[in-house]
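The values are calculated or read from the model by the stated rules, or taken from the named source; none is laboratory data. Computed from a predicted structure; not experimentally measured. Reconstructed Cβ throughout: ideal geometry from the backbone, glycine too, with neighbour counts over all protein chains shown.
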Amino acid sequence: MSMHDDIKTVLVSEEQLKAKVAELGAQISRDYAGKNLVLVSILKGSVVFMADLMRAVSIPCNIDFMVVSSYGGSNTTTSGLVKIIKDLDGDLSGKDVLIVEDILDTGVTLSNLVPMLKMRNPNSVKICTILDKPSRRKANIQPDYEGFQVPDEFVVGYGLD
């Protein structure tokens, strides 16, 4: 029995993913032209998307990585309190930060992470996600760049964690 036997339906095809990443890269390149862009990948789930997106962005930019964890009373619920496991290597002062996420679900973690990053004096902090589950949103946060909206189902593939 392979993993493919467990997959009920394909929500987004490889061709759709490639086209959307190219579209997002072009839009980000237009929006951040002449700015000091830093793409911040939230590991580990966004690494495949980040690799594809940074190739699709045609303007100079820096990249950095964070590992964050939301922790709460149990392993299955999130309190939204963000614990930084691996912090950024670079300084964000005066830079335009684009958080690169694999999936925006409840939004609780990002709604706490964004203010933490804003305290580091960037020009801006925005969010780019390849998948968005707005039906699961608990926090008042929306992506600035979105690949695909998906239903409230367990999704796999494209490096998602």
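Six or more apart or on different chains, Cβ under 6 Å: which pairs go from a residue in the stretch 1-28 that's under 18 Å from ILE130 (Cβ atoms) to one that's modelled with pLDDT of 90 or more and aromatic (Phe, Trp, Tyr)? Could you list them?
So the pair list comes out as VAL12/PHE148; LEU24/TYR145.
So which residues in the stretch 8-34 are surrounded by fewer than 11 Cβ atoms within 10 Å (Cβ to Cβ) and assigned to a helix (DSSP H, G or I), if there are any at all?
GLU14, GLU15, ARG30
Mind listing whichever residues of the stretch 94-136 are more than 18 Å from PHE65 (Cα to Cα) and in contact with a Ser or Thr (Cβ under 6 Å, 6 or more places away or on another chain)?
Matches in the stretch 94-136: VAL108, ARG136.
Go through the stretch 81-97 and give me each residue that's of a type in the set (A, V, I, L, M) and loosely packed, with under 12 Cβ neighbours inside 10 Å. It would help to see each step written out before you state the result.
Going residue by residue through the stretch 81-97, those that are of a type in the set (A, V, I, L, M) are 81-82, 84-85, 88, 92, 97.
The answer is ILE85, and nothing else.
When you check THR77 against the structure, is it part of a loop (DSSP other than H, G, I, E, B), modelled with pLDDT under 95, surrounded by fewer than 16 Cβ atoms within 10 Å (Cβ to Cβ) and β-branched (Val, Ile, Thr), yes or no? Let's see the steps before the verdict.
Values: part of a loop (DSSP other than H, G, I, E, B): yes; modelled with pLDDT under 95: yes; surrounded by fewer than 16 Cβ atoms within 10 Å (Cβ to Cβ): yes; β-branched (Val, Ile, Thr): yes.
Spelling it out, THR77 is indeed part of a loop (DSSP other than H, G, I, E, B), modelled with pLDDT under 95, surrounded by fewer than 16 Cβ atoms within 10 Å (Cβ to Cβ) and β-branched (Val, Ile, Thr).
Looking at the stretch 128-154 only, could you name the residues that are charged (D, E, K, R) and buried (at least 16 other Cβ atoms within 10 Å of the Cβ)? Break it down stepwise before answering.
So the first thing to find is which residues in the stretch 128-154 are charged (D, E, K, R), and the list is 132-133, 136-138, 144, 146, 152-153.
Across the stretch 128-154, the qualifying residues are ASP132, LYS133, ARG137, GLU146.
Restricting to the stretch 36-68, name every residue that is over 23 Å from LEU110 (Cα atoms) and surrounded by fewer than 17 Cβ atoms within 10 Å (Cβ to Cβ).
ARG55, SER58, ILE59, PRO60
Residues being in contact (Cβ under 8 Å) with a residue 12 or more places away in the chain, surrounded by fewer than 23 Cβ atoms within 10 Å (Cβ to Cβ) and in contact with a strand residue (DSSP E or B) (Cβ under 7 Å, 6 or more places away or on another chain): count how many of those fall in the stretch 114-127. Please lay out each step first, then the result.
Kept after step one, since they are in contact (Cβ under 8 Å) with a residue 12 or more places away in the chain, are these residues of the stretch 114-127: 114, 116-117, 120-127.
Of the ones still in play, those that are also surrounded by fewer than 23 Cβ atoms within 10 Å (Cβ to Cβ) are 114, 116-117, 120-126.
Imposing the further condition that a residue be in contact with a strand residue (DSSP E or B) (Cβ under 7 Å, 6 or more places away or on another chain) reduces the set to 114, 116-117, 122-126.
So the answer is 8.
Considering only residues of the stretch 38-74 that are hydroxyl-bearing (Ser, Thr, Tyr) and outside any loop (DSSP other than H, G, I, E, B), which is modelled with the lowest pLDDT?
Taking the stretch 38-74 and keeping what is hydroxyl-bearing (Ser, Thr, Tyr), we get 41, 46, 58, 69-71, 74.
Narrowing further to those that are outside any loop (DSSP other than H, G, I, E, B): 41, 69-71.
Working: SER41: 96, SER69: 84, SER70: 75, TYR71: 61.
Among them, the one singled out is TYR71.
Across the stretch 83-133, which residue is nearest to the chain's Cα centre (by Cα) among those that are among the basic types (Lys, Arg) and part of a strand (DSSP E or B)?
Once the filter is applied, the top-ranked residue is LYS126.
Assess whether LYS35 counts as being modelled with pLDDT under 95 and not polar (S, T, N, Q). So that I can check it myself, show each step before the final result.
Working: modelled with pLDDT under 95: no; not polar (S, T, N, Q): yes.
It is false that LYS35 is modelled with pLDDT under 95 and not polar (S, T, N, Q).
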